[in-house]
Amino acid sequence: MEMGYWGSLGLRLLEFSALFFVFVIGLIAAWLIYMYINDVTQKEHAVRRNFPVIGRLRYKFEHLGEFFRQYFFSMDREELPFNRAQRTWVYRAAKNLDSTVAFGSTRPLNQPGDIIFLNHPFPTLTVNAEKISAMTIGEGFCEIPYGSKSIVNISGMSFGALSVPAVRALSMGAKKAGIWLNTGEGGLSSYHLEGGCDLVFQIGTAKYGVRDDQGNLCDEHLKKIAAHEQVRMFEIKLSQGAKPGKGGMLPGAKVNREIADIRRIPVHQDSISPNAHPEIECVEDILNMIKQVRQATGKPAGIKFVLGEVSWLDDLCRAILNGGIKTAPDFITLDSADGGTGAAPQSLMDYVGLPLRSSLPILVTKLEEYGLRSRIKVICSGKLLNPSDAAWALCVGADFINNARGFMFSLGCIQALQCNKNTCPTGITTHDTDLQKGLDPVLKSDRVANYACNLQYELELIAHSCGVKRPRLLGLQHAHIIDANGDLIPMREKYSS
């Protein structure tokens, strides 16, 4: 009996499948043989030479370990730079979900350096609480001072380090929450402006966006930036917490035509800023640049730095007093040595600069000592993404809180540690348009606003529990700190010693 057409076709397909299977197996075998020969003959990697082919799995496991640790192996309060408890609070705050917990805290209450806020026997009733009032920066010292009601704001993250949809989401979210957005040192883009939020323009060591053809600070470009009403202040970045003594680093893979045009640099080449402002060699030079920016723009001008060597603060304060109070920066943004960045040498990130827990008390004390505390507003940044950390900074004397990585988490960051590459899986720090599709600016802008509002709300919770009517009334008397012996000591005693 003849097989028939369909039977013949099925047999041919079966034969083809068998041949294709043999072909694939042959390719795999050839590939394995090639890798084996390559591994046993190379001399660079001992593991691959001793364990050919299988030894290659080590690199894959090493890479995947970054992701598995945060989900499967680390406890809630383990892992750096941010543990699961910190990230979860931000995620829930950004989604406007219930952030309460049940049964008890997973945070041990006896770790050296931890802060315990002192609840008052008569906490502030919600009906008696005061709304957060505006604080004005540069009043009486520049033509257009800036008044802001926000305590929590978005720290500097450059367009270039961040993607287009990320900047859009931050700009729209900042407008919804009534907070400001720092541009970072990468210049002012249309994406910063389109959300309608208040902006702080950062001037880095390369002067991106306000440089002339020789790379010098240009008054005309400053005036053009200041002509945007949304640009409220100018911040001169002297140093950054994650890389003090090193300028900004943007890999060439991220420098597309648009970014190159905004920064006025060559396309597809690494964008490496100088490690310092070439024209600043002493505190008088700092004050001269502040004066130049303030005169050219008519708006508040301040400086940003991470504190290390401390004696120069005395020189700065004396120079201000000698030149007159008008010469002072309108604000100081103090960064922490554990601040974040897209790319930095590990030697600087791990070992250089003071963390905020040490540097903020020093700065506030110095300003008070020289009678400059009321003149210069203090903005601080560096891992202040949870309410307790932000409340601590207010207790010590900060006027405003900046944070970047909390807002990155609100955008959907999963701490994949790919910021220094063009492969961010959530579309936040990549210019790969396929990866950017996962980030919806409109949806994420709501989460940015939710996070900012919920963080500020819980700052109010802590303040009311401590018996004050608004967060900026928190002081050193409202907290104790655990010392190396596990004993509680008053924070005022700790920072006055």
- Residues of region 15-46 being at pLDDT below 80, within 44 Å of the chain's Cα centre (by Cα) and either assigned to a helix (DSSP H, G or I) or surrounded by 10 or more Cβ atoms within 10 Å (Cβ to Cβ) (or both), which ones? HIS45, ALA46
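Out of the residues in region 198-239 that are assigned to a loop (DSSP other than H, G, I, E, B) and hydrophobic (A, V, I, L, M, F, W, C), which is farthest from PRO300 (Cα to Cα)? Give the steps one after another, and end with the answer.
Within region 198-239, the subset assigned to a loop (DSSP other than H, G, I, E, B) is 204-210, 212-216, 218, 227-230, 238-239.
Narrowing further to those that are hydrophobic (A, V, I, L, M, F, W, C): 206, 210, 218, 227, 238.
Details: ALA206: 21, VAL210: 16, CYS218: 17, ALA227: 14, LEU238: 17 Å.
Applying the filter and picking the extreme gives ALA206.
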- Residue match in region 149-157 (condition: on the phi < 0 side of the Ramachandran plot, among the basic types (Lys, Arg), assigned by TED's automatic domain parsing to the domain that holds LEU473 and assigned to a loop (DSSP other than H, G, I, E, B)): yes
- Message: Just to be sure I understand, how many residues within region 127-174 are without any contact (Cβ under 8 Å) to a residue 60 or more places away in the chain and surrounded by fewer than 24 Cβ atoms within 10 Å (Cβ to Cβ)?
- Response: 7
- Task: Quick one: ALA242 ticks every box in (1) at pLDDT below 95; (2) under 30 Å from LEU367 (Cα atoms); (3) in a helix (DSSP H, G or I); (4) of a type in the set (A, V, I, L, M) except a single one, so which number is it?
- Result: (3)
- Task: Restrict the check to region 357-375 and report whether at least one residue is crowded, with 21+ Cβ neighbours inside 10 Å and aromatic (Phe, Trp, Tyr).
- Result: no
- Message: Which residue is farthest from VAL164 (Cα to Cα), if the candidates are limited to region 425-475 and must be touching a Cys at 6+ places or on another chain (Cβ under 8 Å) and surrounded by 19 or more Cβ atoms within 10 Å (Cβ to Cβ)?
- Response: LEU474
- When HIS120 is evaluated against the numbered criteria (1) modelled with pLDDT of 90 or more; (2) assigned by TED's automatic domain parsing to the domain that holds LEU217, which criterion, by number, is the only one it fails? (2)
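The values are calculated or read from the model by the stated rules, or taken from the named source; none is laboratory data. It should be emphasised that the depicted structure is a prediction, and the values quoted were computed from it without experimental measurement. No Cβ is skipped: glycine too gets one built from the backbone with ideal geometry, and neighbour counts run over all protein chains shown.
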